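What follows is a short report on a single structure.
The values are calculated or read from the model by the stated rules, or taken from the named source; none is laboratory data. Quick caveat, the model's predicted, so the values are computed rather than measured. Counting neighbours? That spans all protein chains shown, and the Cβs are built from the backbone with ideal geometry, glycine included.
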Amino acid sequence: MKVLRLYTGEDGESHFEDIEVELEDGGPIGKLSKKIKATGVIFRETPADYDYDWHNAPQRQFIIMLDAGVEMTVASGETRVMQAGEVLLAEDTKGHGHVSKALKNKPRKSVFITLD
């Protein structure tokens, strides 16, 4: 399963990396990943005019986009768009951080699964 990782490199700058979460045969219920230890779940709704300047993730966390997308930009200027149903692993807890912006002037619901 594809996950977009947002992390701080050794240069102190934010970067994107596409990673693959390995899935194994779970029999008749489908394919499953190994269990990942989590510390909490947060439900969030961001407004349609959401445009958050440079910031860091407050902790390591998976973010699952539920019903709308988000545009994110890292230090190099690279921009990625996450759509509903996609998963982000946010790990840029230090350094330059990233910018997040609502897409198509739509509010967005998401679920955060904290890892730290």
When you go through (1) crowded, with 17+ Cβ neighbours inside 10 Å; (2) modelled with pLDDT of 95 or more; (3) over 13 Å from the mean Cα position of the chain (by Cα) one by one for LEU89, which number turns out not to apply?
(3)
Looking across region 32-81 at residues that are outside any strand (DSSP E or B) and of a type in the set (Lys, Arg), the single one that is surrounded by the most Cβ atoms within 10 Å (Cβ to Cβ) is ARG60
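Return yes when LEU23 is farther than 24 Å from LYS109 by Cα, at pLDDT 95 or above and surrounded by 11 or more Cβ atoms within 10 Å (Cβ to Cβ) and no when it is not.
yes
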Just to check your reading of the model, which residue among PHE112, PHE43 is modelled with pLDDT of 95 or more, of a type in the set (A, V, I, L, M, F, W, C) and under 13 Å from the mean Cα position of the chain (by Cα)?
PHE112
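Which one is farthest from GLU91 (Cα to Cα) among residues in region 1-20 that are surrounded by 10 or more Cβ atoms within 10 Å (Cβ to Cβ) and over 18 Å from the mean Cα position of the chain (by Cα)?
This residue is ASP11.
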